[in-house]
Amino acid sequence: MSEHQKNNQDSAAASPLALRRVVTTLSEGQAGESCRIHGWIRTRREAKNVYFVEINDGSCLSNLQAVISLEDGHEAMQLERLHTGASIELEGELVESPGKGQRVELSVRSFTVVGEAPPETYPLQKKRHSFEYLREIAHLRPRTNTFGAVTRVRNAASMAIHSFFQDEGFLYLHSPIITASDAEGAGALFQVTTLDIARAAASGAEIDYTKDFFGKPSYLTVSGQLNAEIFACAMERVYTFGPTFRAEQSNTTRHLAEFWMVEPELAFCALEGNMELAENFLKSVIGAVLRDCGEDMEFFDLRIEKGLIEALERLVSSSFTHMTYTDAVKELESSGRDFEYKVSWGADLQSEHEKYLTEEVVRGPIIVTDYPKEIKAFYMKLNEDEKTVRAMDVLVPRLGEIIGGSQREERGDVLERRMRESDLDPAAYWWYLDLRRFGTVPHSGFGLGFERLLQYVTGMQNIRDVIPFPRTPRSAEF
Ligand code: 4AD
Ligand code: MG
């Protein structure tokens, strides 16, 4: 072994091990190894001259149990600082654990409490806290089992999304966050401005947007779709994956003001290809999370949503049911259910309707297509009936809509007419219309709400609990 290799080995041995390696990959045969770890104390238990200290460093759900013998002459001052929430570095020997619940434990030779957490004031004590309370301490909730697991699943799902599209030959496109156009034509925009709004309001004068930073009103994007269409009409297959913003006053468990959206867009593709892509995509990403996050998924199945893993496995191996909006309305009308929102052809499907269809009628995911044009965005391709558009929503049990997409209107004249009908100024979308003027092509795409996917995969009830820092009406703390 060269000196260089030896040095490398020494420094690797000296650097702390992630618990994931210690807890999930070290086998009993490796017991007896010396190791260093660090993390935060989850709990401390005292028994006959021994402290059992559970350590977690976020790399996996499991804690490592560290056993500190009080007879080993540790400094009394250090021992007093061993409380839930404190950060700690430890060094010792991995030994087979005689106790239940863990294969190996750390027999501690020495340790240092790096930063203490006074038990009188540390907000995360050992008991179970409600998710509502944890939202109020979003700076500490990553230290809980649930949010650790959500964070790891969120990471794994992000990577699985990129892998899926990269394998399918899609290019990752960075669409802009600031935009001057309303991609959904729905008016739920957050304005971006450097003008002194307070002064303008006080003076009563009309606001002069030519003096604003971009020379015209601009907003945070509601969707990267229109930008993705530009690139799909040149690169054929692209996808975006980034934050999007909606100023809807929707205080529900499924809406955020800032959420992450995945938006593939494909040229030379009609609605059928789009539906196939959406189905393959969902199955691939969910399959990857089941495969890569076994420990966390078992936790969600046990603690959050009974039967979760089985339901997800079923989704991965099933085929999605297809249904037109018109047939969906018929199903709902003949259900005999007393829905809060009445159903009739032309009305948008509410989440109670979506849940009924997925949970009671089909008992699985459904792709609903061909919605009335009045309830969908201006860019969706008009069907020959002139009443419906080539829209598709993917609905799943427990949640309802998880994906919204469509074939896009590629005929310039029809698109322009649809814009006018939707009170949009075609002049403002001149570049979008140009795509139909020069080398137009049938193209399609969809948007997956990333947090909705995470809700579905983890079983978490509230969308605020699957994003690190939720932004909702009247709430932008942290
Ligand atoms: O159905 P939406 O509005 O479709 C679009 O934005 C299209 N431009 C997508 C496309 O075709 N490229 O939104 C897509 C998905 C929804 O199905 C839902 O999962 C999610 O985004 N979504 C939200 N997620 C959290 N909070 C909100 N306020 C959301 N609004 C939509
Ligand atoms: Mg939608």
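A short reminder: the numbers here are calculations on the coordinates, not readings from a lab. Fair warning: this is a prediction, and the values are worked out from it, not measured in the lab. In this analysis, Cβ positions are derived from the backbone assuming ideal geometry, glycine residues included, and neighbour counts consider all displayed protein chains.
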Pair SER203, PHE438: separation of 7 Å Cα→Cβ label points (nm): 4.0 nm
Report the Cα centroid-to-centroid distance between segment 187-235 and segment 396-439 in angstrom, as an integer. 20 Å
Just grab the label-to-label distance for MET77 and ARG20, each label 7 Å out from Cα along the Cβ direction, in nm (one decimal). 3.7 nm
Difference of contour (0.36 nm per residue) and Cα-Cα distance, VAL414 to LYS387: 8.4 nm
With the 8 Å Cα cutoff and a minimum separation of six or more residues, the chain has a relative contact order in percent of 13 percent
Here, ILE375 and GLN461, labelled 7 Å along Cα→Cβ, have an inter-label distance in nm of 2.7 nm
Taking a temperature of 10 °C and a viscosity of 1.306 mPa s, what whole-number D in µm²/s does Stokes-Einstein yield for segment 238-294 with Rh from Kirkwood over alpha carbon pairs? 115 µm²/s
Calculate the FRET efficiency for ALA188 and GLN102 from the Cβ-Cβ distance with a Förster distance of 56 Å, rounded to the nearest 0.05. 0.70
Cα extents of segment 322-478 along the principal axes, largest first, in whole Å, come to 47, 46, 26
Apply the Karplus curve 6.51 cos²θ - 1.76 cosθ + 1.60, θ = phi - 60°, to the phi angles in segment 239-249 and return the couplings in whole Hz, x for Gly and Pro. 8, 10, 7, x, x, 9, 9, 9, 8, 8, 8
For segment 278-397, inverting the pair-averaged 1/r of distinct alpha-carbon atoms gives a Kirkwood value in Å of 15.9 Å
On average over all directions, what projected area in square nanometres does the chain have, based on the convex hull of its Cα atoms? 31.2 nm²
Sort out for me the Cα centre separation of segment 286-349 from segment 112-182, rounded to whole Å. 24 Å
